């Protein structure tokens with residue numbers, strides 16, 4: 001089965017092990033949310049999976065191949081990465097930025113690229129900004145442009161190999177509530193419809209619980225839980241990871257979902273089991 005995985009991965013930054021023997025697996029068709037407190041190792045895990053940080057021990061495998069054995073172009077042709085802050089110093093047209101996602105795919109025809117760009121513009125809710133230039137946009141709009149660029153890259157990879165992986169580092173951090181839901185809903189849909197495996201580093205527990213297939217909770221560089229939201233997000237585990245009591249309640253509108261609330265009274269009891 002196709003998978004993007006870490007195997008007993010440890011990563012050191014400076015004098016500290018920020019990732020310690022982490023083993024997780026991202027499969028095609030699922031959205032995995034990575035959550036944890038500041039300093040838990042979330043962005044370091046994504047950086048190692050993106051090939052930007054070297055493993056101290058263990059390894060990263062992509063479809064059974066060692067990521068360390070693939071050059072930058074080979075990596076770009078199977079996985080797309082959206083960093084937390086994707087800086088761009090050139091004032092380009094919106095569609096020119098989005099088309100950059102197809103750069104690793106020299107064999108793609110202009111018609112194919114145009115189609116990927118058109119789909120990705122819609123998936124990032126950017127149709128009303130197509131005439132804009134990158135330097136004119138707000139932080140949230142620029143973040144959605146980079147999201148669309150990543151979608152073009154993933155679509156090109158899926159066209160070449162049948163599937164692709166997407167790594168997103170806090171893609172909703174600069175977005176208003178409507179676009180946070182919009183982006184997460186699109187990733188949930190596209191993972192299944194276009195054979196993407198999606199890993200998202202995020203802070204919003206309830207947004208993750210709503211749209212992620214699985215939740216990986218990291219704490220001090222280790223995996224505290226790796227399971228579907230209703231299993232991973234228990235009051236006991238949440239308090240251990242985040243250092244504060246939380247309540248886990250049945251969602252008032254959707255029976256298959258949960259709602260996580262900070263327990264201001266200091267009790268971590270739960271009516272969700």
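The values are calculated or read from the model by the stated rules, or taken from the named source; none is laboratory data. Since this is a predicted model, take the numbers as computed values, not measurements. Please note: Cβ atoms are built from the backbone with ideal geometry, for glycine as well, and neighbour counts cover all protein chains shown.
Identify, from the list 176, 169, 91, the residue that is loosely packed, with under 13 Cβ neighbours inside 10 Å, in the same structural domain as residue 41 (by TED's automatic domain parsing) and touching a strand residue (DSSP E or B) at 6+ places or on another chain (Cβ under 7 Å).
Testing whether each residue is loosely packed, with under 13 Cβ neighbours inside 10 Å, in the same structural domain as residue 41 (by TED's automatic domain parsing) and touching a strand residue (DSSP E or B) at 6+ places or on another chain (Cβ under 7 Å) leaves just 91.
Looking at (1) closer than 17 Å to residue 115 by Cβ; (2) part of a strand (DSSP E or B), which is the one condition that is false for residue 166?
(1)
Please go through (1) closer than 26 Å to residue 46 by Cα; (2) surrounded by fewer than 17 Cβ atoms within 10 Å (Cβ to Cβ); (3) over 18 Å from the mean Cα position of the chain (by Cα) for residue 238 and return the number of the only condition it doesn't satisfy.
Residue 238 satisfies every listed condition except (2).
Check segment 212-227 and report whether any residue there is surrounded by fewer than 19 Cβ atoms within 10 Å (Cβ to Cβ), in the same structural domain as residue 49 (by TED's automatic domain parsing) and outside any strand (DSSP E or B).
yes
Residue check: is residue 146 in contact (Cβ under 8 Å) with a residue 60 or more places away in the chain and either closer than 21 Å to residue 177 by Cβ or within 24 Å of the chain's Cα centre (by Cα) (or both)? Reasoning before the result, please.
On the way: in contact (Cβ under 8 Å) with a residue 60 or more places away in the chain: yes; either closer than 21 Å to residue 177 by Cβ or within 24 Å of the chain's Cα centre (by Cα) (or both): yes.
Considered against the rule, which asks whether it is in contact (Cβ under 8 Å) with a residue 60 or more places away in the chain and either closer than 21 Å to residue 177 by Cβ or within 24 Å of the chain's Cα centre (by Cα) (or both), residue 146 comes out as yes.
Just checking, how many residues over segment 22-48 are assigned to a strand (DSSP E or B) and crowded, with 16+ Cβ neighbours inside 10 Å? If you could, list the steps in order and put the result at the bottom.
Pass one, segment 22-48, residues assigned to a strand (DSSP E or B): 22-27, 31-35.
Filter once more, so that each one left must be crowded, with 16+ Cβ neighbours inside 10 Å: 22, 24-27, 31-35.
Matching residues across segment 22-48 total 10.
If I go through segment 114-134 residue by residue, how many of them are over 23 Å from the mean Cα position of the chain (by Cα) and at pLDDT 95 or above?
2
Find all pairs meeting these conditions: Cβ atoms under 8 angstrom apart; at least six residues apart or on different chains; first residue within segment 114-132 and in a helix (DSSP H, G or I); second residue loosely packed, with under 15 Cβ neighbours inside 10 Å.
Once the first residue is in a helix (DSSP H, G or I) and sits in segment 114-132, its partners that are loosely packed, with under 15 Cβ neighbours inside 10 Å give 121/127; 121/130.
From the list 249, 259, exactly one residue is surrounded by fewer than 17 Cβ atoms within 10 Å (Cβ to Cβ) and assigned to a strand (DSSP E or B). Which is it? Lay out the reasoning, then the answer.
Numbers: 259 fails: surrounded by fewer than 17 Cβ atoms within 10 Å (Cβ to Cβ).
The conditions single out 249.
I'd like the full set of residues that are at pLDDT 95 or above, assigned to a helix (DSSP H, G or I) and within 17 Å of residue 8 (Cα to Cα), limited to segment 49-76.
Matches in segment 49-76: 49, 67.
Could you tell me how many of the residues in segment 1-21 are over 19 Å from residue 66 (Cβ atoms) and part of a loop (DSSP other than H, G, I, E, B)?
2
Condition first: closer than 20 Å to residue 75 by Cα and surrounded by fewer than 18 Cβ atoms within 10 Å (Cβ to Cβ). Now tell me which residues in segment 3-21 satisfy that.
Across segment 3-21, the qualifying residues are 3, 7.
Exactly one condition in (1) surrounded by fewer than 19 Cβ atoms within 10 Å (Cβ to Cβ); (2) at negative phi; (3) touching a residue at least 40 places away in the same chain (Cβ under 8 Å) is not met by residue 265; state its number.
Going through (1) surrounded by fewer than 19 Cβ atoms within 10 Å (Cβ to Cβ); (2) at negative phi; (3) touching a residue at least 40 places away in the same chain (Cβ under 8 Å) one by one, residue 265 breaks only (3).
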